[in-house]
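Okay, structure first, notes after.
The values are calculated or read from the model by the stated rules, or taken from the named source; none is laboratory data. Given the structure is predicted, the values throughout are model-derived calculations rather than measurements. Cβ placement follows ideal geometry from the backbone for every residue including glycine, while neighbour counts extend to all protein chains displayed. SASA here: full protein model, heavy atoms, side chains in, ligands and nucleic acids out. Shrake-Rupley method; radii C 1.70, N 1.55, O 1.52, S 1.80 Å.
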Amino acid sequence: YPDWLAASYRLQAVCLKSNLEAARRSRLSGTSVWLFHDYPNCAEGVVDMFWRPKALPPEEFRKFNAPTVLLLDAPRRNWWCWETADLKFLVSRFEDDPTDRAMLRWELKSGNDRLASGVRDGIQVKADGVQEIASINLEIPRRPKAERLTLTAELINANGKAENAWNLWAYPTELVAEASSKIRSIGFDRL
């Protein structure tokens with residue numbers, strides 16, 4: 001039961017992040033989180049009935065639910081290792097002051113290994129909604145096996161720092177080509 005509960009909490013956290021980021025990218029004027037805490041017949045809160053964080057610590061929740069939030073606009077999250085991903089970084093800002101000297105840093109990692117990174121300076125950020133702040137063409141590096149890569153970004157300006165992270169999945173084509181020549185099936189009479 002503890003493993004099942006922990007996995008359910010992690011899934012809920014992923015869904016909440018995905019849904020809130022999608023709402024902010026949609027250029028809505030605001031969103032509301034249904035239930036901050038659970039109650040007996042509804043376990044949809046960010047914290048449980050006793051106000052204990054579930055799988056989402058406060059600092060992680062603030063990465064996608066704050067006055068300024070970094071967002072990723074990507075056509076998908078799964079890539080072949082040789083592909084080029086056209087990615088856009090957006091900022092959703094509603095309460096913080098505008099700035100004309102923001103800096104965006106991003107990094108693609110596999111575990112602790114940095115695979116790619118970049119910096120953009122002098123970014124102007126408005127204070128009234130969602131705007132694109134950078135676009136990158138990221139070549140997905142060749143990997144020996146299918147794996148999760150983590151794309152992190154931080155926006156630094158006079159208002160402070162906003163940061164966020166997203167999982168991307170990289171798949172080597174060599175393994176697919178090799179497997180297709182080894183898999184055979186003949187006859188299923190008994191089926």
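Does the stretch 12-21 include one or more residues that are assigned to a loop (DSSP other than H, G, I, E, B) and modelled with pLDDT under 95? Write out each step before concluding.
Quick first cut of the stretch 12-21, residues assigned to a loop (DSSP other than H, G, I, E, B) only: none.
No.
With respect to the conditions (1) in a loop (DSSP other than H, G, I, E, B); (2) among the hydrophobic types (A, V, I, L, M, F, W, C); (3) touching a residue at least 24 places away in the same chain (Cβ under 8 Å), W79 falls short on a single one, namely (1).
Per-residue answers, yes or no, for (1) small (G, A, S); (2) within 27 Å of I133 (Cβ to Cβ); (3) in contact with a Gly (Cβ under 8 Å, 6 or more places away or on another chain); (4) open to solvent by less than 50 Å² (accessible area, probe 1.4 Å):
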site	(1), (2), (3), (4)
V33	no, yes, no, yes
F61	no, yes, no, yes
F64	no, yes, no, yes
P75	no, yes, no, no
E83	no, yes, no, yes
R93	no, yes, yes, yes
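Would you mention how many residues in the stretch 82-103 are in a strand (DSSP E or B), among the hydrophobic types (A, V, I, L, M, F, W, C) and under 23 Å from R148 (Cβ atoms)? Lay out the reasoning, then the answer.
Going residue by residue through the stretch 82-103, those that are in a strand (DSSP E or B) are 84-93, 99-103.
This time we only want the ones that are among the hydrophobic types (A, V, I, L, M, F, W, C), so: 85, 87, 89-91, 102-103.
Now narrow it down to the ones that are under 23 Å from R148 (Cβ atoms): 85, 87, 89-90.
Adding up the residues that qualify gives 4.
Taking the stretch 125-159 as the search range and keeping residues that are of a type in the set (D, E) and outside any loop (DSSP other than H, G, I, E, B), which one is surrounded by the fewest Cβ atoms within 10 Å (Cβ to Cβ)? Lay out the reasoning, then the answer.
So in the stretch 125-159, the residues of a type in the set (D, E) come out as 128, 132, 139, 147, 154.
Adding the requirement that they be outside any loop (DSSP other than H, G, I, E, B) leaves 132, 139, 147, 154.
On the way: E132: 11, E139: 14, E147: 14, E154: 15.
This residue is E132.
What are the pairs with Cβ atoms under 6 angstrom where one residue, in the stretch 43-61, is in contact (Cβ under 8 Å) with a residue 12 or more places away in the chain and the other, located anywhere, is open to solvent by less than 20 Å² (accessible area, probe 1.4 Å) and outside any loop (DSSP other than H, G, I, E, B)? Sequence gap at least six, or different chains. Taking only residues 6 or more apart or on different chains, the pairs are A55/A13; L56/A13.
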